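Single-structure report; data block below.
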Amino acid sequence: MLTGDLRNKVDQVWNAFWSGGIANPIEVIEQITYLLFLRALDSDQTREDNKALRLKTQPVRLIPAGVDAQERPHDNMRWSRFKNMAPAEMFDALSNQVFPFLRGLQASGGPAAESAFARHMAGARFTIPTPGLLAKVVDLLDTIPLDDRDTKGDLYEYMLGKIASAGQNGQFRTPRHIIDLMVALTAPTPQDTICDPASGTCGFLVAAGEYLRRTYPDMLRVPAQNAHFHSGMFHGYDFDNTMLRIGSMNMVLHGVEHPAIEYRDSLAEGAAGDAEAYSLILANPPFAGSLDYENTAKDLQQTVKTKKTELLFLALFLRLLKTGGRAAVIVPDGVLFGSSKAHKELRRKLVEEQKLDAVISLPGGVFKPYAGVSTAILLFTKTMSGGTDHVWFYDMQADGWSLDDKRQPLLDTSLLGLQPLLDKREQLSEAEHAKNNLPDVLTRWAQRNGTERERPRTAQSFCVPKADIEANGYDLSINRYKEVVHEQVQHRAPGEILAELRALEDEIARGMGVLEGMLK
């Protein structure tokens, strides 16, 4: 549970970086991540030392014993050791001993190299500029408790929430409540193999893991499911090494021991090795415009001949899914109604060759302050034999937060996101629903094959038969099918309005006459 006191401590760490000269939030997160890893590595070494003491054996050495080539004790690299050094000595130890060790961690092949985070340390950079700032940050981080899985996971998520600018390639952090909604809509099971091919901070994978722990509390007591959860269930790809480090740490702090978080340009040639490997795709990929045909995977070009990343990612999702696998992905609105041959063909494939389940239109501003682009969630199942009967549409107007750059919560915390459903409270009132549609989306999604079929197209959600979508050129824009009810307004008769105007003019003329009389 993230208390106000813990938030204040994180804020102090953040403010120390800002006042110390590091203003880029991604860089702040990266430096904090290295320090958290060093602290965790020291804790793990202490645990191994105590275990060996009990068993009267030699401890597993995550941090080497003895001294290095410069006769410096390896123990200087332990958090418990360097946190007590003078600032200048600590700065020297991290610059010249700890970070070279981290960069060579993977190549060393030692026990510490087995962690998901260690795989991405080859390019680790120490950018804290002064001994004073380093000492201050280490002191502050040392006061934050990291023993409880929920607390340290929430703490890291809180830090990630401070990333308030889009990346160079169009990446931006998906709001956690939208991620939670998409995870709940797809309802992961302990047997799923889940992939996010543009994983960033691994928000989707973390949320899927938390959903599974909450929904299947006994899952980790079953040996096979425990092994699958920690070593085979979660797969994330990105081509930004900083994001790989942050994403790996996010997963590890949320209690997933060996997630497969790997460097990969998912749209590039040569990344086809995991076709039909996953049963669930959750993603909000970056839409960075166009790519060159030469640099794009040929098998994706066979699915859809295009340079547009948003269409290529949809083709990628189809390639990655097993038959029977399902996906919940965010797409820009242009995918829904774009008129190019590639747009139409991809939508036709989703409707005719796969099973398109739903289109959920998201409110404009949901990704502010990163971007103002209009977006939607597509939910589909890979069947390779069709199966689309009706497509469920939902016109989400509010997500619980203001839709401006400030994104302030509009309701009490207990009424935001899907919390009302988790708390098993009554439905939100009409006024509360007007500010947060998420519980209604999930409730109505469960009824998409029942009562939702009977709702009129003037309602916020409704179903559209496949034949109607085909007749409209596979246009998936909700505005194509939603009917607008015009309210009838009774206006006054023109003669009555003219008579009133004439009376007002007469009154004005009389008033002017009175004024003229007073001036004589």
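Points worth noting:
- Sum of side-chain charges, residue 379 neighbourhood, beta-carbon under 11 Å (Lys, Arg +1; Asp, Glu -1): +2
- Per-residue ellipticity at 222 nm, computed for the chain from helices alone with -39500 (n - 2.57) per DSSP H run of at least four residues, works out to -12000 deg cm²/dmol.
- Charge tally in the Cβ shell below 11 Å around residue 474, where Lys, Arg are +1 and Asp, Glu are -1, residue 474 excluded: +1
- Taking every full run of DSSP H in the chain, the ones that stretch at least 24 Å from end to end by Cα along their long axis and average -0.5 or higher on the Kyte-Doolittle scale are 25-55, 494-519.
- Solvent-accessible area per residue, Å², over the chain with all protein chains present [probe radius 1.4 Å]: 47 Å²
- Farthest toward positive dipole pole in the chain [+1 Lys/Arg, -1 Asp/Glu at C-beta], among 141, 278, 33: 278
- Net charge of Cβ neighbours under 11 Å - reference residue 449; Lys, Arg +1; Asp, Glu -1: -1
- Cα-based shape type of the range 40-107, given that a ≥ b ≥ c are square roots of the gyration tensor eigenvalues and the cut on a/c is 1.5: prolate
- Only Lys, Arg (+1) and Asp, Glu (-1) charged, at Cβ; the chain dipole about Cα centre in debye: 840 debye
- Among 91, 366, 518 - extreme Cα towards positive end, dipole of the chain, charges at beta-carbon: 91
- Exposure here means at most 16 other Cβ atoms within 10 Å; with GluC sites (Glu not before Pro) in a DSSP loop as sites, the longest stretch of the chain lacking them is 72-256.
- Overall shape: oblate for the range 352-449, with the ratio a/c of the largest to smallest alpha carbon gyration tensor axis at 1.5 or above and b/c at least equal to a/b.
- Eligible lysines near residue 466 by straight Cα distance, threshold 24 Å, same-chain separation 8 or greater: 322, 341, 344, 349, 355, 382, 482
- Anisotropy class of the range 51-151 from Cα gyration tensor, a/c 1.5 cut: rounded
- The value given for the range 177-329 is a Kirkwood hydrodynamic radius of 15.7 Å, derived from the mean inverse Cα-Cα separation.
- Euclidean distance between Cα centres, the range 445-474 to the range 234-287, Å: 34 Å
- What a 1.4 Å probe finds exposed on the chain is 52% carbon and sulfur by accessible area, rounded to a whole percent.
The values are calculated or read from the model by the stated rules, or taken from the named source; none is laboratory data. For clarity, every value in this text was computed on a predicted model and none was experimentally measured. With ideal geometry, Cβ positions are generated from the backbone for all residues, glycine too; neighbour counts draw on all protein chains shown. Keep in mind that these areas ignore ligands, DNA and RNA; they rest on the heavy atoms of the full protein, side chains included. Shrake-Rupley method; radii C 1.70, N 1.55, O 1.52, S 1.80 Å.
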